[in-house]
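Notes follow the structure.
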Amino acid sequence: MAKTKQVFFCQECGFESAKWMGQCPGCKAWNTFVEERVVTGTRKSAAKAASSVPASILEVTTGKEIRIGTGMKELDRVLGGGIVKGSLVLIGGDPGIGKSTILLQVCRRLTADGHKVLYVSGEESMQQIKMRAERLGEFQRDMYLHCETDMNVIENAIEQVGPEVVVIDSVQTMALEEVSSAAGSVSQVREVTNRLMQLAKQKNVAIFLVGHVTKEGTVAGPRTLEHMVDTVLYFEGERSSVYRILRGVKNRFGATNEIGVFEMKNNGLSEVMNPSEVMLEGRPVDASGSTVVCSMEGTRPLLIEIQALVAQTNFQMPRRTTVGIDFNRVNLLMAVLEKRAGIHLGSCDAYVNLTGGIRLSEPAIDLGIVLALVSSYRNRPVDEHTIIFGEVGLTGEVRGVGMAEQRAKEAAKLGFTTCILPASNAANISTIHGMRLIGVSNVKEAIDLI
């Protein structure tokens, strides 16, 4: 006989406890435990797997990898070359950023290529989905809509339609009858995702999940949800901005940290094929505090402008503000300038901004941040045709970064003529036509150049 018991789950990491606790022992988050009712005992599995025996890896045959193209090159890049059959993909992002829009566009292009698609919505009616779809273009007959929140009914619908791709919008609205807690709870999200994972592998169907995010920017529900799926994609960008960044956080079938850049228009999301050129549009000429850095996002070099403003403060405690860059990293680099370069910023407010609404965390942009701060402090502009990259250590040294030649070549394509980079990288790069390479070994040498 099945029994019911009350347990407490952490909403951040899914840690289970018999009693409520203020701080989660698993993820150290505060006030994240919620009480839920769990049914224990024997329970029939949704689909009984066939009996199997262990096999040698040499005996396993994979065959030729077949991927389904989405018709959007930027999305295919982030997915690792297209949709893998039998994969489970989670797409997260802020409300209204474009998650449902891009999936409807993918559905439209897949059906145009003859693939059968099932779009399941637990938040909208069929008429509402049709109204949104009409703005994107004409759809084919192989596009099926289903408005349902019961996972057992959805499973039957997948059996009847036999689609190649399924979209679940959103996973927090789906529920299993066997689980007594409400839809969107930790138990429901975990069990629903587990059932969908089994369906994807057994039916060889690619399933896309739309996930709501918390105010901290992570997918609502347990973090175990991200571990269960094959691929995790996040939409980034300000809702007020027309540009959206789709970043691959986890991918079992391709490289992680790949990004795709899209522009929001009236008829949906449009691909931006050359994001570096777009990010540098409107860059000021002969303005102090402005530098251009090159960061590697997966396999793609991305050129972006860093702006810094250093001004004397009228208060006892100087203010530090960053946008798109780690706040603690900027404080660390300012301390390096104080100690190693003799530039006293203790009596100055400092504001550092990464233009374009994108976020970067790669250490290779350190040198660009340092030179932007010094340029603003001394009111001396950096040459507009200069690209900068390099990691800065606590002793003031400039350390080498990966794929330096690829970064410099991308900058040369966009008309940059000078590259300030780590000396260790400059020694290993062959001559690049139209590009002057200047290697620096510490921040003092780099500051002397401007």
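The values are calculated or read from the model by the stated rules, or taken from the named source; none is laboratory data. These figures come from a predicted structure and were not determined experimentally. All Cβ positions, even for glycine, are placed from backbone atoms using ideal geometry, and neighbour counts span all protein chains on display. Surface accessibility is based on the protein's heavy atoms, side chains included, excluding ligands, DNA and RNA. Shrake-Rupley method; radii C 1.70, N 1.55, O 1.52, S 1.80 Å.
Take Glu405 and decide whether it is part of a helix (DSSP H, G or I) and free of Cβ contacts under 8 Å to residues at least 60 places away in the same chain.
The answer is yes for Glu405.
Given the conditions (1) among the hydroxyl-bearing types (Ser, Thr, Tyr); (2) farther than 30 Å from Ala183 by Cα; (3) open to solvent by 20 Å² or more (accessible area, probe 1.4 Å), which single one is not true for Thr70?
Here Thr70 clears every test but (3).
Restricting the first residue to segment 144-155 and requiring it to be more than 16 Å from Ser181 (Cβ to Cβ), which pairs with a second residue that is hydroxyl-bearing (Ser, Thr, Tyr) meet a Cβ separation below 8 Å and a spacing of at least six or different chains?
Between residues of segment 144-155 that are more than 16 Å from Ser181 (Cβ to Cβ) and residues that are hydroxyl-bearing (Ser, Thr, Tyr), the close pairs are Tyr144/Tyr119; Leu145/Tyr119; Leu145/Ser121; His146/Tyr119; His146/Ser121; Cys147/Ser121; Cys147/Ser125.
Where in segment 240-322 are there strands (runs of 3 or more DSSP E), lying fully within it, with 1 or more residues that are over 27 Å from Gly211 (Cβ atoms)?
290-297, 300-312
Among the candidates Gly342, Gly402, Gly396, Gly346, which residue alone is more than 18 Å from Arg320 (Cα to Cα), more than 27 Å from the chain's Cα centre (by Cα) and open to solvent by 40 Å² or more (accessible area, probe 1.4 Å)?
Gly342
Please determine, by comparing only the residues of segment 417-449 that are of a type in the set (A, V, I, L, M), open to solvent by 30 Å² or more (accessible area, probe 1.4 Å) and closer than 16 Å to Gly396 by Cβ, which one is modelled with the lowest pLDDT.
Among residues in segment 417-449 that are of a type in the set (A, V, I, L, M), open to solvent by 30 Å² or more (accessible area, probe 1.4 Å) and closer than 16 Å to Gly396 by Cβ, the one modelled with the lowest pLDDT is Leu449.
Within segment 408-450, track down each residue that is under 19 Å from Leu280 (Cβ atoms), among the hydroxyl-bearing types (Ser, Thr, Tyr) and outside any loop (DSSP other than H, G, I, E, B).
Thr418
Quick one: which of Lys48, Lys64 is at pLDDT below 90, over 21 Å from Val165 (Cβ atoms), exposed (fewer than 10 other Cβ atoms within 10 Å of the Cβ) and among the basic types (Lys, Arg)?
Lys48
Restricting to segment 154-210, what's the tally of residues that are of a type in the set (A, V, I, L, M), closer than 20 Å to Val232 by Cα and not in a helix (DSSP H, G or I)?
Matching residues across segment 154-210 total 10.
Which of the residues that make up segment 373-419 are under 17 Å from Ala350 (Cβ atoms) and out of contact with any Leu (no Cβ under 9 Å at 6 or more places or on another chain)?
Ser375, Arg378, Asn379, Arg380
Yes or no: segment 102-117 includes at least one residue that is of a type in the set (Asp, Glu), open to solvent by 10 Å² or more (accessible area, probe 1.4 Å) and either closer than 29 Å to Ala182 by Cβ or not in a loop (DSSP other than H, G, I, E, B) (or both).
For segment 102-117, residues of a type in the set (Asp, Glu), open to solvent by 10 Å² or more (accessible area, probe 1.4 Å) and either closer than 29 Å to Ala182 by Cβ or not in a loop (DSSP other than H, G, I, E, B) (or both): absent.
With respect to Gly368, determine if the residue is more than 31 Å from the chain's Cα centre (by Cα), among the small types (Gly, Ala, Ser), modelled with pLDDT of 95 or more and over 26 Å from Asn314 (Cβ atoms).
The answer is no for Gly368.
Across segment 173-194, what is the number of residues that are open to solvent by 20 Å² or more (accessible area, probe 1.4 Å), closer than 16 Å to Glu148 by Cβ and either among the small types (Gly, Ala, Ser) or within 25 Å of the chain's Cα centre (by Cα) (or both)?
Total meeting the criteria: 4.
State which residue is surrounded by the most Cβ atoms within 10 Å (Cβ to Cβ) when the search covers only segment 269-282 and only residues that are in contact with a Ser or Thr (Cβ under 9 Å, 6 or more places away or on another chain) and either among the aliphatic types (A, V, I, L, M) or modelled with pLDDT of 90 or more (or both).
Residue satisfying both the conditions and the ranking: Leu269.
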